[in-house]
């Protein structure tokens, strides 16, 4: 599949089938922690970056072929960059709602919610998970490194307006990097913004997979917990400090490993948990792929990560 990937076991959403809307890292941010790589098209322009009809056709093909398969819990619309930049987003969500009862989630950096057309496109989604990593201009520039066209106050205003009209589940993710956006004034500014946005749930995260910049370092669990206690509303820490146990693991297949590694670097454990694979067959297959030069290894914070040598 070109646009669909998975299903994978999502920490937040259950068994998730991903839908990647963009052909490359097209974004209005160049976040220091991004695991996908540097932004290749730096823009705030909404347009049809990928043929929307092709994405819809692939969705229909999947649904037709999966009638007898284990049902997925959610369709997750995402992208290598920012999915709301794709002007066909609303059409894709509307199609999903017309042809299946499976909930639709959208992951976004939240930067375009101040635009009425973006808010309208997202109205029929069941779950929207935007981000707000900083509510201070200096920290916003350091952590997200936005394009000139992306303004912090627009982002906060857009989140407030969208939260006031959206009838689905709004979960706001905040990712903190050590010494970048975690100081006391940063937390105070976030508290002020969150009190106005009033998301259903706040999901607190920190750097996990190999980041774009080596200076993007994670917060220790204790520090993240202390900040969580200071934020208003319902707050959960989603940083994966403890890995979940797997049941009914199955053997690894080459194509699904390569498909997953084309999108982001992963450890063997990441792969096993996302795809519900047993570690023995996964480890052997990863070694074979690395020996043939199909994938590369890298080490980050004592963990071995694998990724493909060519992008999808």
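The values are calculated or read from the model by the stated rules, or taken from the named source; none is laboratory data. On a predicted model such as this, the values are computed, not experimentally measured, just so you know. Note that each Cβ is placed from the backbone with ideal geometry, even for glycine, and that neighbours are counted across all protein chains shown.
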What number of residues within the range 111-120 are in a loop (DSSP other than H, G, I, E, B) and either modelled with pLDDT under 95 or surrounded by fewer than 24 Cβ atoms within 10 Å (Cβ to Cβ) (or both)? 2
Among (1) farther than 18 Å from residue 263 by Cβ; (2) buried (at least 19 other Cβ atoms within 10 Å of the Cβ), which single condition is residue 55 missing? (1)
Any residue at all in the range 62-83 that is farther than 20 Å from residue 124 by Cβ and crowded, with 19+ Cβ neighbours inside 10 Å? yes
Condition check for residue 274: in contact with a strand residue (DSSP E or B) (Cβ under 6 Å, 6 or more places away or on another chain), at pLDDT 75 or above and within 28 Å of residue 201 (Cα to Cα): no
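Being over 24 Å from residue 142 (Cβ atoms) and touching a residue at least 60 places away in the same chain (Cβ under 8 Å) is true for just one of 7, 38. Which residue is that?
It is 7.
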With the requirement that a residue be surrounded by 15 or more Cβ atoms within 10 Å (Cβ to Cβ) and under 14 Å from residue 187 (Cβ atoms), what does the range 207-224 give you? 219, 224
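Could you tell me how many of the residues in the range 121-139 are in contact (Cβ under 8 Å) with a residue 12 or more places away in the chain, part of a helix (DSSP H, G or I) and either surrounded by fewer than 18 Cβ atoms within 10 Å (Cβ to Cβ) or not assigned by TED's automatic domain parsing to the domain that holds residue 151 (or both)?
Qualifying residue count, the range 121-139: 1.
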Filter pass, residue 222 being farther than 20 Å from residue 107 by Cβ, touching a residue at least 24 places away in the same chain (Cβ under 8 Å) and not in a strand (DSSP E or B): no
Can you name the condition, by its number, that residue 236 falls short on among (1) in the same structural domain as residue 124 (by TED's automatic domain parsing); (2) free of Cβ contacts under 8 Å to residues at least 60 places away in the same chain; (3) over 20 Å from the mean Cα position of the chain (by Cα)? (3)
